[in-house]
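**Student:** The structure's right below; bear with me while I get my questions together.
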Amino acid sequence: MNDTEHLLDVATRVLPLWGLEGANLHLVAQRENTVFKVNHQDVHYALRLHRPGYQTPVAIASELAWMDSLAQVGVPVPAPVASLQAGLLVECEGFHIDLLTWLYGRPMGQTGSGLQLDDPYGTFAAIGEMMARLHDQADIWQRPANFERRAWDEQGLLGEQPLWGRFWENPSLPDELRADIDVARRQARQILQNEDFDYGLIHADLVRENILIEKDALQLIDFDDCGFGYRLFDVATTLSKNWQEPDAQALQAAFIKGYERVRTLQWQYLPLFTMLRAFTYVGWIVPRINEPGSADRQQRFMGAVKMAMDDFQAQI
C-alpha cells in the first residue's frame with residue numbers, strides 16, 4: 001500500500017464517525033495537509049487529514065473554533081462539522097482529522113500565473129473589505145480559554161527560529177543577496193521593536209488559491225497557518241503575489257480602498273511587511289528544495305525578495 005492508498009484507507013475508516021458510511025472520496029490536495037472531497041447523498045464536505053507534527057490538537061481545535069465563529073457571523077468560510085460524538089476533531093493512526101462544509105467557488109488564480117479576472121479592481125477592493133471584516137471579528141470575538149495558535153510576530157518572522165525556517169541560510173542564496181538580507185533583517189527588527197503595529201488574529205495565507213469566487217461572492221479557505229500576527233503582514237501576504245502583474249500598484253490601491261471602508265492600517269509600512277513575507281518563502285522552500293518545480297519557485301522567491309528589499313530601502 002503506497003502513501004496515497006494509506007491516506008485513502010484512513011479517510012474511509014473515519015467516515016462512520018460522521019455517519020458518512022459509503023460516501024465517495026476524491027483526493028483534492030496533498031501538501032501540508034491531505035484533503036478529500038466527500039460526496040454523501042449529493043452533499044459535499046472537505047475531510048482534512050492534518051500533517052502529523054505540524055499543529056498540536058489544541059491548535060487545530062482553536063483554528064476550527066475561529067472558523068466556526070466566522071461562519072456564524074456570515075463570513076464565507078468552511079464551517080466545521082461535528083462528529084456523531086459531538087467532537088470536531090478525531091484521531092486515527094496518528095492523524096488528526098476534521099470535516100468541513102464544502103465551498104463551491106473556484107480559486108481566484110494560481111501563484112506564478114497572470115490574473116484573469118472580469119473585474120480585477122472590484123475584486124481586490126472586495127478582498128480588502130473582507131479581510132478588514134475578518135480582522136474586526138477577530139478583535140471582538142471572545143476566544144475560548146484554551147485558544148492556541150502560533151505567532152507571526154517579531155520572533156516568528158525574524159528571530160533565530162522563524163516559523164518557516166532560517167531563510168538567511170537558504171543554500172541557494174548568492175553571497176551578495178545573503179549579505180543584503182542580513183542588513184535588512186536587522187533594520188526590520190529595530191522597526192518592529194519601536195513601532196506599535198495593529199496586531200491580532202490573522203489568516204496569514206490568503207493567497208490566490210485560498211480565495212474562491214462563487215458568482216459575484218468571495219469565499220476564504222485554508223486557515224491552517226492562521227495565528228496571531230501583524231495585520232499588515234496579512235495584507236502583504238495577499239498583495240505580494242501580484243508583484244509580476246503589470247497593474248500591481250492599481251490592484252494594491254483597490255485593495256487598500258476596500259480595507260479602508262472598514263478600518264485602517266499604517267500603510268506606509270506595507271513595504272516592510274512585504275519584505276518580511278518574501279523572507280518567509282525563502283525559508284519555506286529549504287526543506288522542499290528537491291521537490292518538482294522547486295527551482296522555479298526559488299527563482300521567483302528570490303526575485304520577490306530583491307524587489308521587496310529595494311522598496312523597503314526606498315521607504316527608510
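**Student:** Go through the residues of the range 226-237 one by one and say whether even a single one is touching a residue at least 60 places away in the same chain (Cβ under 8 Å) and over 21 Å from Asp139 (Cβ atoms).
**Tutor:** No; the residues of the range 226-237 include none that is touching a residue at least 60 places away in the same chain (Cβ under 8 Å) and over 21 Å from Asp139 (Cβ atoms).
**Student:** What's the total number of residues in the range 25-60 that are loosely packed, with under 11 Cβ neighbours inside 10 Å and more than 27 Å from the chain's Cα centre (by Cα)?
**Tutor:** 2
**Student:** Here are Lys241, Lys257: which of them is at negative phi, under 18 Å from the mean Cα position of the chain (by Cα) and surrounded by 14 or more Cβ atoms within 10 Å (Cβ to Cβ)?
**Tutor:** Exactly one of Lys241, Lys257 is at negative phi, under 18 Å from the mean Cα position of the chain (by Cα) and surrounded by 14 or more Cβ atoms within 10 Å (Cβ to Cβ), namely Lys241.
**Student:** Filter the strands (runs of 3 or more DSSP E) completely within the range 8-54 down to those with at least 2 residues that are β-branched (Val, Ile, Thr). Give the steps one after another, and end with the answer.
**Tutor:** Values: elements: 24-30, 34-40, 43-49.
Result: 34-40.
**Student:** Something else about it: Scanning the range 179-209 for residues that are free of Cβ contacts under 8 Å to residues at least 40 places away in the same chain, exposed (fewer than 15 other Cβ atoms within 10 Å of the Cβ) and not small (Gly, Ala, Ser), which turns out nearest to Glu63 (Cα to Cα)?
**Tutor:** Once the filter is applied, the top-ranked residue is Asp196.
**Student:** Can you tell which of Gln116, Gln161 is within 23 Å of Phe255 (Cβ to Cβ) and out of contact with any Leu (no Cβ under 6 Å at 6 or more places or on another chain)? Before the answer, list the steps.
**Tutor:** Details: Gln161 fails: within 23 Å of Phe255 (Cβ to Cβ).
Answer to the check: Gln116.
**Student:** Let me ask something additional. For Asp234, are the conditions met, namely being surrounded by fewer than 23 Cβ atoms within 10 Å (Cβ to Cβ), under 29 Å from Asp311 (Cα atoms) and acidic (Asp, Glu)?
**Tutor:** On the way: surrounded by fewer than 23 Cβ atoms within 10 Å (Cβ to Cβ): no; under 29 Å from Asp311 (Cα atoms): yes; acidic (Asp, Glu): yes.
It is false that Asp234 is surrounded by fewer than 23 Cβ atoms within 10 Å (Cβ to Cβ), under 29 Å from Asp311 (Cα atoms) and acidic (Asp, Glu).
**Student:** Just for the range 215-231: of the residues that are in contact with an Asp or Glu (Cβ under 8 Å, 6 or more places away or on another chain) and not small (Gly, Ala, Ser), which one is surrounded by the most Cβ atoms within 10 Å (Cβ to Cβ)?
**Tutor:** In the first step, residues of the range 215-231 are kept if they are in contact with an Asp or Glu (Cβ under 8 Å, 6 or more places away or on another chain); the result is 222-226, 228-231.
Those left that are additionally not small (Gly, Ala, Ser): 222-226, 228, 230-231.
Values: Asp222: 21, Phe223: 24, Asp224: 20, Asp225: 23, Cys226: 24, Phe228: 17, Tyr230: 26, Arg231: 24.
Among residues in the range 215-231 that are in contact with an Asp or Glu (Cβ under 8 Å, 6 or more places away or on another chain) and not small (Gly, Ala, Ser), the one surrounded by the most Cβ atoms within 10 Å (Cβ to Cβ) is Tyr230.
**Student:** Of everything in the range 276-301, what is surrounded by fewer than 18 Cβ atoms within 10 Å (Cβ to Cβ) and of a type in the set (S, T, N, Q)? Give them in sequence order.
**Tutor:** Listed by number, the residues that qualify are Asn290, Ser294, Gln299.
**Student:** Is it the case, given these coordinates, that Pro171 is over 23 Å from Arg297 (Cβ atoms) and assigned to a loop (DSSP other than H, G, I, E, B)?
**Tutor:** Answer is no for this residue.
**Student:** Could I ask something else about it? Based on this model, can you work out whether Leu17 counts as under 22 Å from Val77 (Cα atoms) and not basic (Lys, Arg)?
**Tutor:** no
**Student:** Let me ask something else. Looking at Val14, Val58, which one is touching a residue at least 40 places away in the same chain (Cβ under 8 Å) and closer than 21 Å to Gly227 by Cβ?
**Tutor:** Going through Val14, Val58 in turn, just one is touching a residue at least 40 places away in the same chain (Cβ under 8 Å) and closer than 21 Å to Gly227 by Cβ: Val58.
Listed here are the residues, each with its yes/no results for (1) at pLDDT 95 or above; (2) in contact with a strand residue (DSSP E or B) (Cβ under 6 Å, 6 or more places away or on another chain); (3) outside the structural domain of Glu260 (by TED's automatic domain parsing); (4) within 30 Å of Trp102 (Cβ to Cβ).
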residue: Met131; (1), (2), (3), (4): yes, no, no, yes
residue: Ala138; (1), (2), (3), (4): yes, yes, no, yes
residue: Glu148; (1), (2), (3), (4): yes, no, no, yes
residue: Leu157; (1), (2), (3), (4): yes, no, no, no
residue: Gly165; (1), (2), (3), (4): yes, no, no, no
residue: Glu176; (1), (2), (3), (4): yes, no, no, no
residue: Arg186; (1), (2), (3), (4): yes, no, no, no
residue: Ile191; (1), (2), (3), (4): yes, no, no, no
residue: Lys215; (1), (2), (3), (4): no, no, no, yes
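**Student:** Right, here's the next one. Evaluate the range 135-142: report whether one residue or more is free of Cβ contacts under 8 Å to residues at least 12 places away in the same chain and assigned to a loop (DSSP other than H, G, I, E, B).
**Tutor:** There is at least one residue in the range 135-142 that is free of Cβ contacts under 8 Å to residues at least 12 places away in the same chain and assigned to a loop (DSSP other than H, G, I, E, B).
**Student:** Can you pull out every residue in the range 129-150 that is surrounded by fewer than 14 Cβ atoms within 10 Å (Cβ to Cβ) and hydrophobic (A, V, I, L, M, F, W, C)?
**Tutor:** Start the filter on the range 129-150 by keeping residues that are surrounded by fewer than 14 Cβ atoms within 10 Å (Cβ to Cβ), which leaves 139-140, 142, 144-146.
Within the range 129-150, Ile140, Ala145 meet the criteria.
**Student:** Would you call Phe223 of a type in the set (Phe, Trp, Tyr), over 14 Å from Gly128 (Cα atoms), assigned by TED's automatic domain parsing to the domain that holds Arg149 and within 13 Å of the chain's Cα centre (by Cα)?
**Tutor:** Against the criterion (of a type in the set (Phe, Trp, Tyr), over 14 Å from Gly128 (Cα atoms), assigned by TED's automatic domain parsing to the domain that holds Arg149 and within 13 Å of the chain's Cα centre (by Cα)), Phe223 qualifies.
**Student:** For residues that are touching a residue at least 40 places away in the same chain (Cβ under 8 Å), assigned to a helix (DSSP H, G or I) and out of contact with any Gly (no Cβ under 9 Å at 6 or more places or on another chain), tally how many sit in the range 258-302.
**Tutor:** 12
The values are calculated or read from the model by the stated rules, or taken from the named source; none is laboratory data. All values reported here derive from a predicted model rather than from experimental measurement. In this analysis, Cβ positions are derived from the backbone assuming ideal geometry, glycine residues included, and neighbour counts consider all displayed protein chains.
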